[in-house]
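For reference, the structure discussed in these notes is given below.
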Amino acid sequence: MQGNIACAEGALAADCTFFAGYPITPSTEVAEHMAAKLPKRNGCFIQMEDEIASMAAIIGAAWTGVRAMTATSGPGFSLMMENIGYAVMSETPCVLVNVQRGGPSTGQPTMAAQGDMMQVRFGSHGDFSIIALSPSTVQECFELTAKAFNLADQFRCPVFVMADEVIGHMRERITIPDSVPVVRAKPLKDDMLPFAPEEDLIPGFAAFGTGRKIPVTGLTHNEKGYPDSTHPARHDSLVRRLVNKIENARHSIADYEIVNQDAEYVFVCYGSPVRTVQEVVQRAKTPGTGYLKLKIVWPFPEDLLARFPNVKAFIVPELNLGMISREIERHVCVPVISAGKIGGDLHTPDELIAIVEKLRGGGGI
């Protein structure tokens, strides 16, 4: 199965019944598959006039109580940023698949990149936190897309599946289970205001049409949902809660794999570069290497970096010029080697082996 189709199948398995989108390479197959499948499941597919409207549509659909998704790539992702901020502020659970391509601007529509990893974290204005997953196999396209819906409902926020063109268009054999776990948003209690948080800082959710009056706004609002945008304390309290409901749970959100915890040279990788790293670590001529594979990149699980007691350097192969490597540098005292690569080609094993051998020889990078 192709990676993009696996994303769509993962969404369907997770009971996604609404998709709004606009065609864009290299994500279009996600929309095409949902267009073919949703009407047969009493779901709704709609092609919007652009990506701005697509994001707005899934926000509206989510407030009717359905699971809603869109899919796009870099230029469309940029257009969605204002409404992504609206989803954050209104605490709307929804899923967005971004099959990344080379940029800036129109860039390389048919070539892979991971250039949106900082945009997904900081692209909308203001302070906020998000959850972003990154598949490295077609199997993970299915699994992580299904998981994204549970995280969106659990934390009442937009959740992102940050794939790339290599994974989106790759074909691999996968296993599709009879069912996947489905975790719905906790209901709004009768005695609670619509945006009053519980102990986990997350309010209960009541969809439109369920009998509760719930104003929904992108303005700073009080716990009733009414705009209250001129009081500094109100804004401070609301935004800190929106950030902390995710950041406080970073340990439970984290999804990762560690190989060779005693390694001296540790690759930190996500998405398609994982595949090259796995080949490198398996080769006998590169002993003492290991890796940390991140299935969820945001919130960034910095505590995992301390699990390598003998590490002399972290090596970060990315299809960008060093976005996540900068995040790693903030949390460690050993050298962080950025192995960024752009243009559309994956790293070769020999390229990464050469970095390890140079470090081992004392040459530095």
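Tabulated data
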{"item": "Q119 vs. criteria buried (at least 24 other Cβ atoms within 10 Å of the Cβ) and in contact (Cβ under 8 Å) with a residue 24 or more places away in the chain", "result": "no"}
{"item": "Residue count for the stretch 86-129, restricted to those that are among the charged types (D, E, K, R) and closer than 23 Å to T25 by Cα", "result": "3"}
{"item": "Residue in the stretch 243-255 that is closer than 30 Å to E357 by Cα and not aliphatic (A, V, I, L, M) present", "result": "yes"}
{"item": "Exclusive hit being touching a Ser or Thr at 6+ places or on another chain (Cβ under 9 Å) and either hydrophobic (A, V, I, L, M, F, W, C) or closer than 23 Å to L321 by Cα (or both), set A163, A148", "result": "A163"}
{"item": "Check on R326, in a helix (DSSP H, G or I) and closer than 21 Å to E140 by Cβ", "result": "no"}
{"item": "Boolean, A53 is assigned by TED's automatic domain parsing to the domain that holds L133 and either part of a loop (DSSP other than H, G, I, E, B) or over 24 Å from Y86 (Cα atoms) (or both)", "result": "no"}
{"item": "Test set (1) surrounded by 24 or more Cβ atoms within 10 Å (Cβ to Cβ); (2) among the polar types (S, T, N, Q); (3) in contact with a His (Cβ under 9 Å, 6 or more places away or on another chain) - N98 fails condition number", "result": "(3)"}
{"item": "Some residue of the stretch 231-250 being among the basic types (K, R), touching a Leu at 6+ places or on another chain (Cβ under 7 Å) and under 21 Å from V332 (Cβ atoms)", "result": "no"}
{"item": "Selection from the stretch 1-52 of residues that are among the polar types (S, T, N, Q), surrounded by fewer than 16 Cβ atoms within 10 Å (Cβ to Cβ) and over 25 Å from G107 (Cβ atoms)", "result": "N42"}
{"item": "Near pairs, Cβ below 9 angstrom, 6+ apart or cross-chain, from the stretch 173-188 (without any contact (Cβ under 8 Å) to a residue 60 or more places away in the chain) to any residue that is of a type in the set (S, T, Y) and part of a loop (DSSP other than H, G, I, E, B)", "result": "P187/T210; L188/T210"}
{"item": "Unmet criterion (only one of (1) closer than 15 Å to A113 by Cβ; (2) without any contact (Cβ under 8 Å) to a residue 24 or more places away in the chain; (3) part of a strand (DSSP E or B)) for A339", "result": "(2)"}
{"item": "Boolean, P109 is buried (at least 22 other Cβ atoms within 10 Å of the Cβ), modelled with pLDDT of 95 or more and not charged (D, E, K, R)", "result": "no"}
{"item": "Strands (runs of 3 or more DSSP E) contained in the stretch 180-299 and holding at least 1 residues of a type outside the set (D, E) and surrounded by fewer than 16 Cβ atoms within 10 Å (Cβ to Cβ)", "result": "256-259"}
{"item": "Exclusive hit being in the same structural domain as C333 (by TED's automatic domain parsing), out of contact with any helix residue (DSSP H, G or I) (no Cβ under 6 Å at 6 or more places or on another chain) and modelled with pLDDT of 95 or more, set V243, V266", "result": "V266"}
{"item": "T25 being on the phi < 0 side of the Ramachandran plot, in the same structural domain as G168 (by TED's automatic domain parsing), in contact with a helix residue (DSSP H, G or I) (Cβ under 9 Å, 6 or more places away or on another chain) and assigned to a loop (DSSP other than H, G, I, E, B)", "result": "yes"}
{"item": "Qualifying residue in the stretch 162-178 (condition: of a type outside the set (D, E), touching a strand residue (DSSP E or B) at 6+ places or on another chain (Cβ under 8 Å), assigned to a loop (DSSP other than H, G, I, E, B) and under 15 Å from P299 (Cα atoms))", "result": "no"}
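The values are calculated or read from the model by the stated rules, or taken from the named source; none is laboratory data. These figures come from a predicted structure and were not determined experimentally. Counting neighbours? That spans all protein chains shown, and the Cβs are built from the backbone with ideal geometry, glycine included.
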